[in-house]
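Enquirer: Sharing a structure here in structure tokens format.
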Amino acid sequence: QVPLVESGGGLVQPGGSLRLSCAASGSIFSINTMGWYRQAPGKERELVAGITSGGVTNYADYVKGRFTISRDNAKNTVYLQMNSLKPEDTAMYFCKVRTMRATYWGQGTQVTVSS
């Protein structure tokens, strides 16, 4: 069973929106933080946004005001609503989930912002 399943990536024009989803399988228990990272070609993976089990959020400066992270604890799912997308947001986006015992990464979903 795949621990994390991501969806929602794709090709969008500058100024457009996408919503990413990441669902944790039923084999993952006691999830603490959930987050999204991204990695562009030739660059290191970087934090985009994170959210605690209590709903406290944090964002990278370059997405503040444009992206919103949320989670549904009943569904073990984290979302990333991305608005006002820019070409520099083009990257592979990865979901990360942390429990008390382990850290899990998703397989990644490609986001391409281009006209």
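Rundown of residues vs (1) free of Cβ contacts under 8 Å to residues at least 40 places away in the same chain; (2) touching a Cys at 6+ places or on another chain (Cβ under 9 Å); (3) open to solvent by less than 10 Å² (accessible area, probe 1.4 Å), yes/no style:
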{"site": "S30", "(1), (2), (3)": "no, no, no"}
{"site": "M34", "(1), (2), (3)": "no, yes, yes"}
{"site": "L47", "(1), (2), (3)": "yes, no, no"}
{"site": "N58", "(1), (2), (3)": "yes, no, no"}
{"site": "D61", "(1), (2), (3)": "yes, no, no"}
{"site": "K64", "(1), (2), (3)": "yes, no, no"}
{"site": "L85", "(1), (2), (3)": "no, no, yes"}
{"site": "C95", "(1), (2), (3)": "no, yes, yes"}
{"site": "R98", "(1), (2), (3)": "no, no, no"}
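Enquirer: Another question, if that's okay. Give the number of residues within region 18-28 that are within 22 Å of T57 (Cα to Cα), open to solvent by less than 60 Å² (accessible area, probe 1.4 Å) and either without any contact (Cβ under 8 Å) to a residue 24 or more places away in the chain or not hydrophobic (A, V, I, L, M, F, W, C) (or both).
Expert: Counting residues in region 18-28 that are within 22 Å of T57 (Cα to Cα), open to solvent by less than 60 Å² (accessible area, probe 1.4 Å) and either without any contact (Cβ under 8 Å) to a residue 24 or more places away in the chain or not hydrophobic (A, V, I, L, M, F, W, C) (or both) gives 1.
Enquirer: Another one. Any residue at all in region 61-76 that's among the hydroxyl-bearing types (S, T, Y) and not in a strand (DSSP E or B)?
Expert: yes
The values are calculated or read from the model by the stated rules, or taken from the named source; none is laboratory data. Not measured: the values here are computed from a predicted model. Using ideal geometry, Cβ is built from the backbone for each residue, glycine included, and neighbour counts are taken over all protein chains shown. These accessible areas exclude ligands, DNA and RNA; they are computed on the full protein's heavy atoms, side chains included. Shrake-Rupley method; radii C 1.70, N 1.55, O 1.52, S 1.80 Å.
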